[in-house]
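> One structure, as structure tokens, below. Some questions next.
The values are calculated or read from the model by the stated rules, or taken from the named source; none is laboratory data. Worth saying up front: this structure is predicted, and the values here are computed from it rather than measured. Cβ placement follows ideal geometry from the backbone for every residue including glycine, while neighbour counts extend to all protein chains displayed.
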Amino acid sequence: MSSNIKMTNEEYSDYVDSKAKKSPIFKNFVLAFIVGGIICVIGQVICNISMYFGLDEKSAATVTSIVLIFLGAFLTAINVYWRIGKFAGAGSAVPITGFSNSIVAPAIEFKLDGYILGLGANMFKVAGPVLVYGVATSVGVGFIYWIIKMFFM
Amino acid sequence: MKVGSQTIKFKNTPKILETSSIVGKKEKEGPLGNYFDITNEDIFFGKDTFEKAESEMMSECINNLLSKANVDVSSIDNIFAGDLLNQCIASGYTIRDLQIPFLGLYGACSTFVESTLLSSIFVDGGYANKVIAATSSHFCSAERQFRLPLEHGNQKTPTAQVTVTGSGSCLIVQKDFSTTNDAYITYATPGKIVDYGIKDMTNMGGAMAPAAFNTIYTHLEDTGRKPDYYDAIITGDLGVLGSEILVEQFKNEGMDISNIHKDCGVLIFDDNSQDTHCGGSGCGCMASVFSGYFFKQLKEKKLNKILIVATGALMSPLAIQQGESIPCIAHAVAIENEV
């Protein structure tokens, strides 16, 4: 057809890629490292404070997770976390606060559709795959660990 | 009358009597902010969900059109309307209250020109005297349907575009109705589906540019016109990247459209201050920018001959998940002050 751009699909795809502005990968890496690092430092501070007040290491780790999950949820609810996410990318998505954000964000949005079929049904829309494959992977890793322990330890 | 391979020449040249536009806060803060008829700072438009907000917005837009044109709702013969929501609910619920014979359309972001084109055919053929063409889109309802929840912390790619919260409508009437003598619809070129295999939902401009090229090129061939016949060739929401591709492809064919090409998605936002990446998109983008800005330019005779070309990406997130590419379409309508 004469009225089409004279390129094959592959040529056109390469052409579009060459024109498209690229994501600033280096900047994204640095920001993710810094913000992710800050979140981890905050976690460590919470952990140390908990231990200072007499909790053992395991309980302190649990308290840290709970506090960070609360902070992620709270910052999502007051319309702040998406701004951090836009700035930090993976830096705020990967830590447990990001996991919290990925559950609270759909919960807020789908609440408009009712509590059962809206909020209840869609709350894990974003985090669902992480849960499914996270649980599946931990079962697999646990199984491998069990076998290694049986034969080599 | 059909001319060339796919263009319609209007014998009776219907005209656009009046337009109406309404936008949200971000669009008001954009470079064209002062041109829109109505703006609303409340993203919910006084309703309790985003979908109801979109209907309310479209409803206000159409009511404003009726009062601007000073015509009664009962005298409207037909309304062609569409939006981006599943089953076009924004239009359906709006028009439920208006009691006008309704023909719902889905052409993704091309719907505004699609509805203008069909309205013109109804009027030109004498099957109707007054027809409304309207579309809408809402940032929040579109994000919900096509992307991630609003509060989710993530980064958009540089090629991404922002769905415009806005609605536009125009009233198309017979040539001899009332005393206005401008904005006649002379030609229309409905487009074919063009798909160059792009699968990236965050690069709509890149996916849709070939469809715009195809329709504009065909239109020029069918009518025997050169690009510079028009004062402006206005695309809907190709954005920065799509516009660049379109202009470059025409250059490859020996036609320079860089001075006359305008894109509503590029015009409506300012990327530097509003962080909108490649620009605006959505059914409401061309609808509000044409109705709010370009129609006034026609009225003031700053532009006299324009070709409006709205592009649409006819995909759904489901089809993309199933590995499909993005089929794209563009429809063109020529509007001229003199016939």
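Condition check ((1) of a type in the set (Phe, Trp, Tyr); (2) over 22 Å from residue A:68 (Cα atoms)) across all residues:
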position: A:93; (1), (2): no, no
position: A:106; (1), (2): no, no
position: A:117; (1), (2): no, yes
position: A:134; (1), (2): no, no
position: A:142; (1), (2): no, yes
position: A:145; (1), (2): yes, yes
position: A:152; (1), (2): yes, yes
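> Out of B:180, B:189, B:202, I need the residue that is out of contact with any Gly (no Cβ under 6 Å at 6 or more places or on another chain), surrounded by fewer than 18 Cβ atoms within 10 Å (Cβ to Cβ) and within 19 Å of residue B:312 (Cα to Cα). Which one?
B:202
> Okay, next question. Return the residues of the range B:152-169 that are under 17 Å from the mean Cα position of the chain (by Cα) and either among the polar types (S, T, N, Q) or outside the structural domain of residue B:106 (by TED's automatic domain parsing) (or both); say none if nothing qualifies.
Passing the criteria: B:161, B:163, B:165, B:167, B:169.
> Can you give me the ranges of the strands (runs of 3 or more DSSP E) entirely in the range B:155-240 with at least 3 residues that are among the aliphatic types (A, V, I, L, M)?
Hits in the range B:155-240: B:166-173, B:232-235.
> Now for a separate question. Restricting to helices (runs of 4 or more DSSP H) lying wholly in the range A:1-112: which have 3 or more residues that are within 14 Å of chain B (Cβ to nearest Cβ) and exposed (fewer than 14 other Cβ atoms within 10 Å of the Cβ)?
A:9-19, A:25-52
> Could you tell me which of the residues B:194, B:164 is in contact with a strand residue (DSSP E or B) (Cβ under 7 Å, 6 or more places away or on another chain) and within 14 Å of chain A (Cβ to nearest Cβ)?
Of B:194, B:164, the one residue that is in contact with a strand residue (DSSP E or B) (Cβ under 7 Å, 6 or more places away or on another chain) and within 14 Å of chain A (Cβ to nearest Cβ) is B:194.
> Could you list, in sequence order, all residues of the range B:37-52 that are within 18 Å of residue B:26 (Cα to Cα) and either assigned to a loop (DSSP other than H, G, I, E, B) or not assigned by TED's automatic domain parsing to the domain that holds residue B:27 (or both)?
The answer is B:37, B:40, B:41, B:42, B:43, B:44, B:45, B:46.
> Just one of (1) without any contact (Cβ under 8 Å) to a residue 40 or more places away in the chain; (2) touching a helix residue (DSSP H, G or I) at 6+ places or on another chain (Cβ under 9 Å) trips up residue B:179, so point out which.
(2)
> Continuing with the same structure: Among the residues of the range B:78-102, what is the count of those that are crowded, with 16+ Cβ neighbours inside 10 Å and assigned to a loop (DSSP other than H, G, I, E, B)?
Of the residues in that region, 4 qualify.
> Now for a separate question. List the number of the failed condition for residue B:74; all other conditions in (1) out of contact with any strand residue (DSSP E or B) (no Cβ under 8 Å at 6 or more places or on another chain); (2) at pLDDT 95 or above; (3) not in a helix (DSSP H, G or I) hold.
Single failed check for residue B:74: (3).
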